[in-house]
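Quick note: the coordinates plus some simple rules give every number you see, no bench work behind them. Nothing here was measured: the structure is a model prediction, and the numbers come from that model. Heads up, the Cβs are rebuilt from the backbone with ideal geometry, glycines too, and the neighbour counts pull from every protein chain shown.
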Amino acid sequence: MSDSSPERADALVLDVWCELQCPDCRTALDDVRALRARYGDRLELRLRHFPLEKHKHAFAAAQAAEEALEQGKGWPYVEAVLERVAELDRAGEPLLVEVARELGLDAEEFDTALIDGRHILIVDADQAEGKAIGVTGTPTYVIGGERLDGGKTQEGLRERIEEIADRLLAGQA
């Protein structure tokens with residue numbers, strides 16, 4: 001989900017560097033939902049993949065999220081997988097296909113995408129870009145050129161994002 005151009009030219013972009021097997025990213029879902037509710041289409045949330053080596057299903061989950069995006073349900077899929085982080089740790093890739101099926105996506109195509117690796121380059125590019133800008137853990141946010149590390153603590157992070165977003169959006173008006 002790393003298309004570098006915003007869907008809307010006037011939308012402010014919040015890059016969310018995430019890993020779908022990360023408990024901290026699961027916790028951050030409440031903040032992401034609150035930001036979406038507060039700003040609506042004035043803020044474009046853009047998922048950026050940063051799978052961590054310590055989570056063995058994270059790379060496959062990132063590829064699955066890209067397939068969900070192709071099938072039109074990127075964020076709903078991401079949220080559904082994050083809600084089941086502990087289960088993903090135990091069940092692995094079959095859970096990724098099961099979640100797709102539950103959301104009405106083409107589960108066979110999901111399975112094929114995980115086998116043929118059609119989304120690997122997108123995930124690799126996100127991860128390389130993340131490393132280049134100093135992302136070391138997840139979640140990490142980038143808004144208005146400012147990097148905010150949520151992997152250390154979530155406390156006060158949404159307020160900081162809102163502060164930056166409000167300032168940038170006021171500057172656009």
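Values as computed for the structure displayed
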item: Within a Gaussian network of the chain (alpha carbon springs, distance under 10 Å), most fluctuating of Arg101, Arg42, Arg90; result: Arg90
item: Relative contact order [Cα under 8 Å, 6+ residues apart], region 39-154, whole percent; result: 26
item: DSSP-defined beta bridges in the chain - what % are antiparallel, rounded to 5; result: 55
item: Amide H within-cut-off set for Gly150, under 5 Å, with H built and near neighbours excluded; result: Thr140, Tyr141
item: Spacing of the two label points (7 Å from each Cα toward its C-beta) at Ala86 and Arg160, in nm; result: 2.9
item: Calculated FRET efficiency for the pair Arg167/Arg38, C-beta based, R₀ 22 Å, to 0.05; result: 0.95
item: Rough spin-label spacing in nm, given labels placed 7 Å along Cα→Cβ, for Thr27 and Ala125; result: 3.2
